[in-house]
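Each remark here refers to the structure printed beneath this line.
The values are calculated or read from the model by the stated rules, or taken from the named source; none is laboratory data. Since the model is a prediction, treat every value here as computed from it, not as a measurement. Please note: Cβ atoms are built from the backbone with ideal geometry, for glycine as well, and neighbour counts cover all protein chains shown. Heavy atoms of the whole protein, side chains included, go into the accessibility calculation; ligands, DNA and RNA do not. Shrake-Rupley method; radii C 1.70, N 1.55, O 1.52, S 1.80 Å.
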Amino acid sequence: MGRARTTANRTVLAVAGLALLLAGAWLMAGGPLQRRLPSWWPTPGRGTVLLDRTRLAQLRAESWWTPTVLAATIALTALLAYWSLTQLRTGPTRHLALPSPGSTVRPQALAQALTTRAAAVPGVARARARVLPRRRRRLNVGLRVWLHPGTSPDSVLPPLHAVIAEAERATAPYTSYTRIRLSTPAQRRSRVR
């Protein structure tokens with residue numbers, strides 16, 4: 001969802017930027033660049049405007065002008081309002097479909113289960129997991145683990161990999177990309193005054 005939203009945002013910005021760039025280039029063509037442009041390039045005449053008052057009055061006299069402008073304005077406003085509302089929607093998919101018919105799991109429940117299992121590994125002081133569903137049945141799993149002082153990462157990693165492998169088997173149609181981050185709690189030093 002996040003990647004699709006980013007792609008849509010970049011596409012809208014690219015189209016708007018390209019339209020503004022072309023409009024600016026066309027308007028610039030009437031000035032100093034006119035001599036360097038090919039003969040087929042449409043150029044505005046000197047001192048012309050895009051829509052003068054006479055032409056605007058003629059268009060307003062047409063029966064189709066006012067309804068067309070109103071419909072286009074309403075459609076553009078509705079489209080931009082919808083796009084703005086989609087930007088406010090956050091959070092991952094509510095349920096992940098599992099291979100058994102009718103079975104689903106919430107990403108938050110999966111993250112809580114991973115957190116509980118990782119925290120039960122000997123040498124782990126505490127853990128926190130995040131599960132973010134992505135497009136094309138992909139899961140990004142982040143596992144943050146704080147070790148007890150003096151615990152070697154080599155002794156903790158194999159059981160953590162087993163926990164991750166179990167979660168990957170449970171969410172079989174999804175491909176998991178897991179990142180494990182190990183830390184030790186900050187040592188408190190006594191201060192002398």
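Observations
- Neighbours of Arg179, meaning other residues whose beta-carbon lies under 10 angstrom from its beta-carbon, give a summed charge of +3 when Lys and Arg score +1 and Asp and Glu score -1.
- Exposure check, 1.4 Å probe, all protein chains in place: Leu88 carries approximately 130 Å² of accessible surface.
- Other residues whose C-beta falls under 12 angstrom from the C-beta of Leu114 contribute a net charge of +2, scoring Lys and Arg +1 and Asp and Glu -1.
- Across Ile180, Ile74, the residue with the most accessible area heads the list, and the full order at a 1.4 Å probe is Ile74, Ile180.
- Over all other residues within a Cβ to Cβ distance under 12 Å of Leu98, the charged ones net out to +3, with Lys and Arg as +1 and Asp and Glu as -1.
- A straight chain from Arg128 to Thr86 at 0.36 nm per residue would run longer than the Cα-Cα distance by 12.2 nm.
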